[in-house]
Amino acid sequence: MKIFIDKIFTKVMDDKALRPFFSRQGMDLEKIKQHFRLFMTHITSTTEAEWTGRSLVETHRHYPITDEIFDAFNSYCISSVKEMRKLKIDGLREMINMLQQLRDMVVIKDEP
């Protein structure tokens, strides 16, 4: 999982649109990566362990994350998995579905 997370964040930090979300003053990229690794381990686990970290809504509510930003981050997750050749097609589809289910908890929606 560590190699997977490192691959994602190498791509993220090379992306001009995503980098500011992870390089603001006072942010610790290694700590962010550690939390993301724990979260990804949790959502891909076959056990029913309850998540004890902050909610995704709470974690992301102060960031102007659009659908485009969300999609860009997810594309790096997907391309990193493909590069590692660790998941078969069904596993990749499952991962994509899991990530898409998180959209409404992360993306800021315009108020009507």
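Magnitude of the charge dipole for the chain, about its Cα centre and with charges confined to Cβ atoms of Lys, Arg (+1) and Asp, Glu (-1), is about 460 debye.
For the chain, what does the relative contact order come out to in percent, with C-alpha contacts under 8 Å and a separation of six or more? Averaging sequence separation for qualifying contacts and normalising by length gives 34 percent for the chain. Stretched out straight at 0.36 nm per residue, the stretch from SER79 to PHE39 would grow longer than its current Cα-Cα span by 12.5 nm. Using the Cβ-Cβ distance between ASP14 and GLU50 with R0 set to 25 Å, the FRET efficiency works out to roughly 0.10. Using 0.36 nm per residue and subtracting the Cα-Cα separation, the extra length available between ILE96 and ILE3 on full extension is 31.6 nm.
For region 2-106, the Kirkwood estimate of hydrodynamic radius, built from reciprocal distances between every pair of different alpha carbons, is 14.5 Å.
Any read-out appearing in this document is the output of simple, stated calculations on the displayed coordinates, not a laboratory observation. Just so it is clear, the structure is predicted and the values come from calculations on it, not from any experiment. Neighbour counts are summed over all protein chains in view; Cβ atoms, including those assigned to glycine, are modelled from backbone coordinates with ideal geometry.
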